[in-house]
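For reference, the structure discussed in these notes is given below.
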Amino acid sequence: MAEKKIQENPLPEAPPEPVDKPKDVPRPLPKTTTVPITPVPTTNRFSIPSLTKTPPNELYRKLLPAILFVLTFVTVMTMLLIYMDTVAMGAQQFRLNMSQDYELASIPAESPILIAYVRQLHLAPRPPKNPPPVPNITDRVEVLDRLYGEIYNGTFVEILPQGDREPTTSYLEMVRGWKGVAVRAAPRDFLSLRGAASALHACLSPTAHPREVSYQEPEGGGSLFSSRVLCLPLHTLLLAAGVTRPHYALLAGRSVPAALRRLPASAALQEAINVEHVLNFTYFALKMRTR
């Protein structure tokens, strides 16, 4: 019976012994190829030098570009500020000069230098670009013809503050060959003067000496255009234009009465006929007889 129990419950068999694994053999390392390293060029960059470890000479050498930059910047800014101040002072002085009138009292009306200056630099004819149409005869020309007959190759003086050529002088100039001078104070009207007559940018002075004044011309939008104008005595204008004995004189402006009173007694503007009085002595038309 004991044998049967032993056979029925056999002893467990021992597990098989593990087979010895082969020991890890060190593998050979892969062959590495060495690549030569080329040096990278270094760029000069501004760096703050170390003040504790840098020698004095090396410190000065590194600080020299920064010092030169600061000095150059300060010099340029100083010159710019001085230039701006100079321009501002010049503009202020220019505005002051444009707003003031100057009396050239030391220059007499019959000064040869003044007459030569006006004649050579300011008095010149402005011929038209295209032949203008022949103007019609005016009422003033008809009155003059009834009084003195038709006069050819005469002389005239036309001094107006502004406006285009007067029809009477235009007719006498183009049809009957008259010569003379046309004076305008307005810059734009002076530039528009065309014809055989000499053109002059000036105004009539109420004194016996020249003046330099500011002339304001109205523009569009209610604004004013200011310019400088040389005001000349009437005697100076007659001498410069070479028409000391004009056959016809057309004068207009507030300065006309005072300018006529400033004429010397030997001047040719005498024996005036056909005088027109309009707007409180601001418009005069005179016919002069040659002696």
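The values are calculated or read from the model by the stated rules, or taken from the named source; none is laboratory data. All figures in this text were calculated on a predicted structure; none of them were measured in a lab. Glycine also receives a Cβ, built like all others from the backbone with ideal geometry; neighbour counts cover every protein chain displayed. For accessibility, only protein heavy atoms count, side chains too; no ligands or nucleic acids. Shrake-Rupley method; radii C 1.70, N 1.55, O 1.52, S 1.80 Å.
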With all protein chains in place and a 1.4 Å probe, Cys203 shows an accessible area in Å² (nearest 10) of 20
Rounded to one decimal in nm, the spacing of the 7 Å Cα→Cβ label points at Asp101 and Arg126 is 2.5
Between Val87 and Leu191, the two model label points (7 Å from Cα along the beta-carbon direction) sit apart by a distance in nm of 2.5
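Chymotrypsin sites (Phe, Trp or Tyr not before Pro), restricted to the stretch 151-253: which are DSSP loop and have at most 11 other Cβ atoms within 10 Å? Please list the in-between numbers first.
Details: sites: Tyr152, Phe156, Tyr171, Trp178, Phe190, Tyr215, Phe225, Tyr248; in loops: Tyr152, Trp178.
Of the chymotrypsin sites (Phe, Trp or Tyr not before Pro), the ones in loops of the stretch 151-253 whose Cβ has at most 11 other Cβ atoms within 10 Å are Tyr152.
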Rounded to the nearest 10 Å², the accessible area of Asp139 using a 1.4 Å probe with every protein chain kept is 120
With all protein chains present and a 1.4 Å probe, the order of Met174, Met79 from largest accessible area down is Met79, Met174
For the stretch 124-176, listing GluC sites (Glu not before Pro) in a DSSP loop whose Cβ sees at most 13 other Cβ atoms within 10 Å gives Glu150
Taking Lys and Arg as +1 and Asp and Glu as -1, residues besides Ser192 with C-beta under 10 Å from its C-beta add up to +3
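What are the trypsin sites (Lys or Arg not before Pro) within the stretch 66-155 that DSSP puts in a loop, where the Cβ has at most 15 other Cβ atoms within 10 Å?
Details: sites: Arg95, Arg119, Lys129, Arg140, Arg146; in loops: Lys129.
Those satisfying the criteria are Lys129.
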Taking a probe of 1.4 Å and leaving out DNA, RNA and ligands, the stretch 164-237 shows per residue an accessible area in Å² of 37
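How much FRET efficiency would the formula 1/(1 + (r/R0)^6) give for Thr72 and Glu110, where r is the Cβ-Cβ distance and R0 is 41 Å, rounded to 0.05? Mind dumping the intermediate values first?
Details: r = 61 Å, r/R0 = 1.48.
Given R0 = 41 Å and the Cβ-Cβ separation, E is 0.10.
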